[in-house]
Structures are given as C-alpha cells and as structure tokens.
Amino acid sequence: MLPSHSGRPGLSAVGLGELGRFEAAPATFTVTTPSLPRRWDYLFANEHTLLRIGQDGVGHLQARPPEGILLFRPERLEKTPVLHVWLQPAGEAPFSNFPLAHAADDDAAQGAIHTCTFSPGEARYTRRQTGWTVETRLTLAPDSPALLLRLKITRTSTAPSSLRVVPCLRPHVGPAVLAPWDVLELYQLCHASARPAASVVVETRSPAGRVEERHRAVWMTDLPCDRAELSLDRFAGGGDFIRPDALRTAALPVALDAPGSSLRAQAPVAALEAWLDFEPGRSREYSVVLASATGGDEETLLANAHRLLDADCFANGAQRLADEHRDWCARFSVRTPDSAFDDYINHWLPAQLHWVGRLDRGWPSGLRGTRDAAQDFSGVARLFPPRAKSMLIDILSCQRSDGWFPRQFSIHGPQGRHDLRDYVDSGCWVLELIVDLLQYGGDPGLLDEPARWLDDPRTGTVREHAERLLDYYLSPGNRGAHGLVLIRGGDWNDALNQAGVEGRGESVMVSCHVVHLLDLAARWLCPTAEQATAWAQAAIELREAIRRHALNKRGFLNGVFTDRGEWVFSDHDPDGACRPNGAVNAFGLIARVFEREEMDGLLAQLDRLKGPHGWRLFYPPLGEPAQVHALGRLGTGDLVPGAGENGTVYNHGSQGFLARALAVIGDGERLWTVIRHILPYEQTIHPVEVARTAPYAIVNHWMETPEHDGEGGAAFLSGTISTLQRVVLNGLLGFQVEPDGVHIRPVLPSHWPGSEFTFRFRDAELVVAITREDSAPRTALDGKEMKNGRIPFSAISAGQRHEVKVIVPQRSRPPTIAAPAASR
C-alpha cells in the first residue's frame with residue numbers, strides 16, 4: 001500500500017539553502033534572495049498575452065503569442081528590467097521596486113530585503129527596507145493583450161514622508177525580429193495625456209507601409225501623475241535607462257497634455273511621475289496597465305486600459321490564470337511512493353507543457369519548428385486533443401506535396417516565409433502527433449480532415465498527408481547506398497548539418513524512426529490490405545538494412561554515414577574513437593531493431609554514456625583534438641566540446657529518448673534512474689549551486705565544458721517536457737492505447753509497491769490503482785476483470801468515472817524485446 005497523503009512533504013522538503021523554496025501551493029516557488037547564480041524565470045500565458053519574467057523583474061511581454069509583437073524586451077545579456085517603478089523619498093536616494101544588479105550596495109545601505117513568489121496566477125515581488133515596504137504584483141488581463149500591475153506602498157517608519165513615484169517603461173512595441181535596415185524608433189510616435197488617466201501612448205507605424213500593421217500600446221496608471229518623460233535620451237542624460245539623470249532633477253520635464261507632450265522618430269521612454277504623502281503606517285495601492293492593440297482607434301485602446309485599472313480586473317486576471325493551470329492539472333495526476341515526484345508531475349509539468357505551447361520554444365520569430373511543434377503538441381494531445389488538432393492542421397498545410405516538411409514553417413501559413421533547410425526528420429514527429437491524436441482524441445474522422453499543401457492550394461486529407469509523409473521516406477530517391485534514409489541537411493541532431501549535403505549521407509536514427517512509424521501506420525491509419533502489406537514489407541527491409549549495415553561489432557548502431565563514406569558515432573570513428581550515440585540507439589530499441597540476445601551488450605554500451613550529470617548524447621565529444629569532416633559544426637569543433645549537443649547531457653535526446661526506449665523494453669530500474677536525472681529538482685543529481693538554473697525548470701541540456709561543468713541551459717525550451725509526460729503516463733505507469741482498447745502495462749522500479757493515477761481519457765475519468773501481488777497480472781474495470789488486460793473503448797463512457805485495478809507481479813519485469821508487428 002502507498003503511504004497516506006497526509007504528512008507527505010513533497011517538493012517543499014527539497015533543500016535549496018538561502019536561494020528559495022518550493023511552497024506547498026501548486027506550482028508556487030519563492031525566491032528569497034536577489035543574488036541568484038542566474039535569472040530564474042516563470043511564465044504567464046493566455047491566448048492574448050505571454051509574460052516571461054525573472055525574480056529580478058527582467059523579462060519580455062508578447063501580445064498574441066507566439067506570432068504577435070513584443071511590447072517590451074531586454075537586449076541580449078541585459079540584466080536589468082525595462083519595466084519598473086522608481087520610488088524616491090523626499091531628500092533621499094531613489095530605489096526600485098525590483099532588485100537592480102548594479103544597486104546592491106545601495107540596497108544594503110538602505111537595509112533592503114527582496115523576495116519574489118511565483119504562482120500560477122501572479123508574480124509577487126516584495127521589497128522591505130528602512131521606512132518602506134513595497135509590494136508589486138503582476139498578472140495578465142483575461143480578455144485582451146495587457147499586463148496588469150498592482151503597486152502597494154506602506155510607510156513603516158514613525159515619521160511622515162513624501163514619496164516620488166515614477167513608473168517607467170522602455171517600450172519596444174514591434175516585431176521580435178527586425179530587418180537590419182528597420183530602425184524601429186523612426187516609425188514611432190508617442191504622447192502623454194491625463195485623459196482618461198495619466199498615460200503614455202506609443203504608436204509604431206509600419207516599416208512596410210501597411211496601415212493595418214500599425215501597433216499601439218498605452219502605459220496607464222491611476223497614480224495622481226502630472227508630469228512625464230517621453231525621450232529616452234533626455235531621461236537617461238549622462239546615464240542610461242536604469243541609471244537615469246532624470247531622477248536627479250526636481251521633476252520630469254513634460255506636463256501632461258501640454259505643448260511638447262509628444263515625441264516623433266526618437267527612441268521613446270514611458271515615464272510618469274506622481275508625488276504622494278504618507279503618514280506613519282499608511283498604505284496606498286495603485287494600478288498600472290500596459291495594454292496594446294493592432295489597428296483600431298486610440299480611444300478604444302485608452303478606454304480598455306482605463307477599465308483594466310480597476311482592482312477587480314487584476315483579481316479576475318489572476319484567477320483566470322490560476323483556473324487554467326488547475327484545468328491542465330486536472331487532466332492527469334499521479335500518486336507514487338515519491339511525494340516530490342508527485343508534486344512535480346502533478347503541478348510543474350503541466351504548467352511547462354502549457355507554457356511551451358505558447359512559447360514557440362522561446363524565439364518569437366514568426367516561425368515554428370515543425371519538429372518542435374509536433375513534439376510539444378504530442379504532449380498537449382494527451383490532455384487537450386482539440387488544441388493539438390488545430391496545430392496539426394497548421395503543420396500539414398505547410399507540408400510539401402512530395403511529403404517533406406520545412407525545418408520551420410511560417411505562422412502565417414503556406415504563403416509565409418519558411419525555413420527550407422533540408423532537414424529530414426520532421427515528418428517522423430508529425431506522424432507521431434497524428435497517431436497520438438487518434439489515440440487520445442478518439443475521432444476517426446480526423447483522417448478525413450482537409451489540409452492544403454505548401455506548394456499546392458488543393459487539399460488532401462490527413463490520411464493523404466500521412467501517406468505522402470511515409471512515401472517520402474520510402475522513395476528510392478531518398479534512400480542511400482545502404483538502403484537507409486538520406487540525411488541531406490540534417491536529422492534530429494541539428495548540428496549534423498553537413499553530413500549529407502552532397503546526397504550520399506544516411507541517418508540511422510531517422511531510419512529506425514521510420515521502422516517504428518510503419519508499425520504505427522499499419523495499426524492506426526486504416527490502410528488498405530495492399531498498403532498494409534507494402535508497409536510491413538518496407539519495415540522488414542529497412543530493419544534488415546539497419547542491422548546489416550549499421551549494427552557494429554560492439555553491439556550498438558552506428559549513427560551517421562557521411563558524404564565522405566565514413567561511419568560516425570560508431571565503434572571506430574574517423575578520429576579513432578569508439579563513440580556510441582544514445583539517441584540513435586534509443587530509437588533502435590523503440591523500433592525493436594535489436595534482438596533479445598543483444599540487449600545486455602547494448603545496455604552496457606549505453607551505460608558508458610553515463611557521466612556526472614546524466615546520460616550524454618554521445619561520448620567522447622567531437623572536434624578536439626581531431627576533427628571529423630563532412631559532419632557539420634559538431635565534427636569541426638565549431639560547437640565547443642561539452643556545449644550544446646556536443647557530448648553533453650542533452651536532456652531530450654539523450655535522456656528523454658532513452659527513457660522512452662527503456663519503457664519499451666520494460667527495464668523499470670534503469671527507467672526510474674533516467675527519469676530522476678531528467679528532473680531539475682533532484683539536489684543529489686543537479687545541485688542548484690552547480691546547475692544554476694531554477695530547480696523547477698526543465699532544461700534543454702547540462703553543459704560539460706571546464707568553465708561551466710554541470711550548468712543547465714535553455715530552461716523550458718525543450719522537447720523533454722512533452723517526452724517526460726509521455727514517459728510517465730505511457731511508460732512508467734503503462735497507459736497504452738491500442739486500436740482494440742486500452743492496456744495498462746506498468747514499468748515500475750522494483751522497490752515501488754505500486755502507484756495510482758487519474759487520467760481524463762476521451763471525456764471519461766479513469767482512476768487507476770496499480771499494486772504488486774504474488775499472482776499473474778490482471779486488470780479489472782469497475783470490478784469486472786478484463787480479458788487479456790484489455791479495456792475495450794466501448795466499456796469507457798464519456799462523462800463517467802471508472803475505477804481500474806491493475807495487478808502486477810512482485811518480481812521486477814525483465815527486459816524483453818520483439819520485432820514490431822509490421823515486420824513479424
């Protein structure tokens with residue numbers, strides 16, 4: 001039996017010293033010092049707005065993510081906020097509501113203590129210092145692109161005081177990516193006004209001359225402001241935005257609505273100024289709003305911002321975000337012997353899955369990675385199938401009619417600008433997304449949904465798109481001399497960007513993935529008998545080609561055959577190294593390329609990839625001292641060894657794919673160990689003083705350069721998030737959807753007595769209890785034993801709650817492997 005929920009410490013027991021703590025509330029974290037080793041971000045996102053912000057107030061705000069404009073953003077490597085509030089007691093030095101890196105000595109002199117608490121509904125920053133407490137709360141408007149800020153100022157001294165308050169913003173109000181010749185401020189106008197409340201309006205006109213692409217933003221407050229500054233140059237003076245000379249003057253120079261209260265074709269700042277009187281113990285609360293609109297008239301924008309100043313709007317916005325997080329969490333939850341793991345999977349993982357769908361992997365550029373979007377929305381498909389279906393149709397509409405997909409597709413659809421680099425793996429992830437939607441959406445009509453082609457306005461069905469996708473990989477023109485898939489401009493590993501540009505190089509990873517896809521297609525795409533036979537034969541032949549040409553004498557698969565006719569990631573690379581590749585061999589396991597008797601040797605080779613921070617993508621790194629030519633930036637050492645994909649713990653490809661593979665072969669011990677290395681909060685594995693990244697944030701990689709050994713990188717921007725969800729639900733807990741129904745085949749570590757989970761599947765709630773007993777495995781639904789452990793779809797009723805009991809044997813399940821159905 002599992003221990004009771006009461007008294008289980010969960011993540012709150014994770015010791016992080018003086019840096020911060022996990023709170024008991026869901027997905028809530030408090031940073032207790034501004035002196036973190038690196039900025040720790042949190043995200044707030046809805047369909048209108050995305051805010052990514054750190055404990056120091058540094059971040060960016062995007063309207064209508066992922067394609068919309070940025071309302072503000074820091075410059076690269078900038079460590080100070082571009083939105084904050086200056087406060088200056090009469091006769092004293094000014095201070096900010098956020099901790100400023102350059103002002104640490106001033107803060108210490110003022111006795112300042114900063115804390116920051118992130119929760120799903122809002123970010124809350126508190127500054128306590130001699131005489132004052134300032135609390136800043138941030139959330140998003142629920143119904144329009146807007147950031148809402150609530151400012152509470154308390155006089156804690158026994159003496160009265162006057163206080164100068166200057167909410168200021170360095171606006172961007174433009175595209176995330178500008179053409180080199182587009183100087184944004186040349187197209188910007190701004191003016192300050194007191195009606196309907198103190199505000200600065202910034203308008204960015206179109207460098208392309210399209211009136212419909214003009215953008216406006218308004219910075220508005222209910223503070224009793226009567227002065228402003230619009231010129232960044234004048235505001236900074238001999239300093240800069242964060243050390244402005246303007247605070248040395250008695251007042252900002254511009255009177256609201258007076259002559260001179262506008263600015264054209266100069267870099268703007270939106271600074272408003274108010275003086276407040278405080279009696280001892282007195283608190284005052286105010287609102288500040290940053291709202292935007294594309295097109296439309298200014299009066300409508302001002303009216304909307306004025307409405308949003310109401311404190312109830314802030315409460316509604318925060319509640320709406322908290323409710324949405326609760327909805328994501330309600331779709332899937334677990335209860336295992338590890339309460340910290342439960343907290344993370346139940347609250348932090350769904351938050352990040354939501355964020356990554358809005359983030360577009362973090363580079364708002366008007367493009368979405370085909371591979372990236374398909375991977376991320378495979379996770380979304382398990383929780384919200386309609387959202388994932390919408391993304392699938394967008395992806396398919398940018399598929400070329402020969403079945404190939406761009407590396408990145410335009411968010412503006414087929415007529416937009418695409419990234420047409422000749423990477424060949426994207427289709428693999430798209431077909432996985434199609435199958436995930438068939439499994440979890442339960443809509444057979446999906447295959448008949450129409451979607452156009454990138455190079456042909458006529459439509460094809462989803463089934464036709466999937467068939468063309470497979471045809472691309474099966475075409476003789478896309479196969480190399482060994483019968484494997486040509487790598488052309490690259491595969492999943494982006495850094496292999498020169499291995500096949502001459503048309504000879506082959507990818508073993510994509511070839512293994514295609515074997516797996518043919519098995520999925522045969523079971524889920526409702527093929528004709530002729531198609532099914534052809535796909536089965538193609539899978540047999542491709543599997544045999546992989547084994548004949550890529551399986552080496554040490555028992556693992558070589559990774560890439562280059563244009564130079566050399567195998568890399570092999571038992572004897574061109575530089576003389578034996579260099580197993582974890583991602584390639586993980587997909588060899590997933591595709592069941594290996595035979596049972598080869599398992600022990602292969603796993604021993606993969607265990608060689610285990611380093612101090614987890615399983616590396618491959619090892620040793622490439623490029624130093626000897627180079628491997630005709631491979632790409634990896635082989636030449638242009639990508640430094642120990643950085644990026646070069647011999648590091650690349651979380652998604654090295655650990656996520658390995659975890660998928662271990663679930664397939666039923667190795668629960670290794671699976672649990674790898675999962676623990678994926679998780680960011682495990683202080684015995686990724687101590688925060690080494691990793692430096694937020695202990696709640698799934699990272700893209702952990703570096704192994706001498707200067708940054710063990711440091712995490714690119715928090716949230718990783719397919720690891722959706723892969724971890726897949727591994728936990730479908731692997732560890734064994735929830736598997738087959739064409740004939742649901743099977744639950746857990747792959748638990750042997751020391752677990754069982755586990756429980758709740759999953760909302762096809763509008764029904766399944767409550768599953770897994771226990772170990774000295775008996776044969778069996779499954780019961782609502783007290784009725786299921787034949788062969790299969791739960792028919794007809795037994796699962798939408799809107800109903802079903803209890804499922806799963807018995808697994810006491811002994812640990814041994815590794816097993818068999819050829820895929822299509823090749824038997």
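Results for (1) at pLDDT below 95; (2) not in a helix (DSSP H, G or I), shown as yes or no for each residue.
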{"position": "ALA583", "(1), (2)": "no, no"}
{"position": "PHE587", "(1), (2)": "no, no"}
{"position": "VAL593", "(1), (2)": "no, yes"}
{"position": "LEU603", "(1), (2)": "no, no"}
{"position": "GLY623", "(1), (2)": "yes, yes"}
{"position": "VAL628", "(1), (2)": "yes, yes"}
{"position": "ARG633", "(1), (2)": "yes, yes"}
{"position": "LEU639", "(1), (2)": "yes, yes"}
{"position": "GLU645", "(1), (2)": "yes, yes"}
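Residue by residue through region 150-190, note down the ones that are surrounded by fewer than 21 Cβ atoms within 10 Å (Cβ to Cβ), in contact with a helix residue (DSSP H, G or I) (Cβ under 9 Å, 6 or more places away or on another chain) and of a type in the set (A, V, I, L, M, F, W, C).
LEU178 - this is the single residue of region 150-190 that is surrounded by fewer than 21 Cβ atoms within 10 Å (Cβ to Cβ), in contact with a helix residue (DSSP H, G or I) (Cβ under 9 Å, 6 or more places away or on another chain) and of a type in the set (A, V, I, L, M, F, W, C).
Kindly list, by first and then second residue, each pair from a residue in region 456-484 that is farther than 25 Å from MET509 by Cα to a residue that is open to solvent by 20 Å² or more (accessible area, probe 1.4 Å) and in a strand (DSSP E or B), limited to pairs with Cβ atoms under 7 Å and residues at least 6 apart or on different chains.
Correct list of pairs: ARG458/ARG452; THR459/PRO450; THR459/ARG452; THR461/PRO450.
Just wondering, is there one or more residues in region 545-552 that are among the aliphatic types (A, V, I, L, M) and surrounded by fewer than 22 Cβ atoms within 10 Å (Cβ to Cβ)?
yes
Please go through (1) open to solvent by 10 Å² or more (accessible area, probe 1.4 Å); (2) within 21 Å of GLY656 (Cα to Cα); (3) not in a strand (DSSP E or B) for VAL747 and return the number of the only condition it doesn't satisfy.
Only one criterion is unmet by VAL747, namely (1).
Out of (1) charged (D, E, K, R); (2) modelled with pLDDT of 95 or more; (3) assigned to a loop (DSSP other than H, G, I, E, B), the odd one out for ARG39 is which?
The single condition ARG39 does not satisfy is (2).
Just to verify a result, which residue in region 71-88, among those that are modelled with pLDDT of 95 or more and of a type in the set (A, V, I, L, M), is nearest to GLU213 (Cα to Cα)?
It comes out as LEU71.
Report yes if VAL628 is over 24 Å from PRO687 (Cα atoms), open to solvent by 30 Å² or more (accessible area, probe 1.4 Å) and of a type in the set (Val, Ile, Thr), otherwise no.
Values: over 24 Å from PRO687 (Cα atoms): yes; open to solvent by 30 Å² or more (accessible area, probe 1.4 Å): no; of a type in the set (Val, Ile, Thr): yes.
Judged against the criteria, VAL628 is not a match.
Looking only at residues that are basic (Lys, Arg), open to solvent by 40 Å² or more (accessible area, probe 1.4 Å) and part of a loop (DSSP other than H, G, I, E, B) in region 383-417, which one is farthest from ASN730 (Cα to Cα)?
First, pick out the residues of region 383-417 that are basic (Lys, Arg): 387, 389, 400, 407, 417.
Subset that is open to solvent by 40 Å² or more (accessible area, probe 1.4 Å): 387, 389, 400, 417.
Of the ones still in play, those that are also part of a loop (DSSP other than H, G, I, E, B) are 400, 417.
Working: ARG400: 32, ARG417: 37 Å.
Result: ARG417.
To keep it simple, each residue is scored yes or no on (1) touching a residue at least 40 places away in the same chain (Cβ under 8 Å); (2) in contact with a strand residue (DSSP E or B) (Cβ under 7 Å, 6 or more places away or on another chain).
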position	(1), (2)
GLY588	yes, yes
HIS613	yes, yes
PRO620	yes, no
THR636	no, no
PRO641	yes, no
GLN655	yes, yes
GLY666	yes, no
TRP702	yes, yes
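Being surrounded by fewer than 24 Cβ atoms within 10 Å (Cβ to Cβ) and either modelled with pLDDT under 95 or of a type outside the set (Asp, Glu) (or both) is the filter here; which residues of region 705-714 pass it?
Scanning region 705-714 gives THR705, PRO706, GLU707, HIS708, GLY710, GLY713, ALA714.
Please count how many residues of region 451-471 are touching an Asp or Glu at 6+ places or on another chain (Cβ under 6 Å) and surrounded by fewer than 21 Cβ atoms within 10 Å (Cβ to Cβ).
1
The values are calculated or read from the model by the stated rules, or taken from the named source; none is laboratory data. All figures in this text were calculated on a predicted structure; none of them were measured in a lab. Virtual Cβ from ideal backbone geometry, glycine too; neighbours counted across all protein chains shown. Accessible surface areas use protein heavy atoms only, side chains included; no ligands, DNA or RNA. Shrake-Rupley method; radii C 1.70, N 1.55, O 1.52, S 1.80 Å.
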